[in-house]
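Undergrad: Got a structure for you, written out below as C-alpha cells; questions coming shortly.
What follows is calculated from the coordinates using simple rules that are stated; it is not laboratory data. It should be emphasised that the depicted structure is a prediction, and the values quoted were computed from it without experimental measurement. Cβ: placed from backbone, ideal geometry, glycine included. Neighbour counts: every protein chain shown.
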Amino acid sequence: MEIRTLLHLSSGAALRPAVVGNRLELTPVEPPGPKPKRKSGLMVVPRTRQAFDAVAALAATRESRP
C-alpha cells in the first residue's frame, strides 16, 4: 500500500524533515488556513472547506503588516 494512503496525505502535502539519532523522520505539516483579505473596509475570509482558527489568522495578518 502507498505511504501517502497509509498516512492520509494528499498529493503535494508538505513534510517537515528531522534527523533523530541515526534516522530521518518526516512529519506532515498542516497546510496554512485561508488568509483574510480586506474588502470594503472589512476583513473577509475566503470561502473554503478548510477548518481554521479565525483569531490566529487575523493575528498573523496583523503581524505581517509593514
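Undergrad: Taking the Cβ of VAL44 as the center, what net charge do the other residues with Cβ under 10 Å away carry, scoring Lys and Arg +1 and Asp and Glu -1? Don't skip to the answer; put the middle values down first.
TA: Values: positive: LYS37, ARG38, LYS39, ARG47; negative: none.
Residues near VAL44 contribute +4 overall.
Undergrad: Give me the angle, in degrees from 0 to 90, between the Cα long axis of helix 54-63 and the longest principal axis of the Cα atoms of the chain, rounded to the nearest 10.
TA: Around 80 degrees separate the two axes.
Undergrad: Mind computing the radius of gyration and Dmax over the alpha-carbon atoms of the chain? Å is fine for both.
TA: 16.8, 54
Undergrad: Can you tell me the relative contact order of the chain? Whole percent, Cα pairs under 8 Å, sequence separation 6 or more.
TA: 20
Undergrad: Ranking request for peptides 14-20, 55-61: highest mean number of other beta-carbon atoms within 10 Å first, then the rest in descending order.
TA: So the order, starting with the most tightly packed, is 55-61, 14-20.
Undergrad: Along the charge dipole of the chain, Cβ charges K/R +1 and D/E -1, which of ALA13, VAL45, LEU26 sits furthest on the positive end?
TA: So the residue furthest toward the plus end is VAL45.
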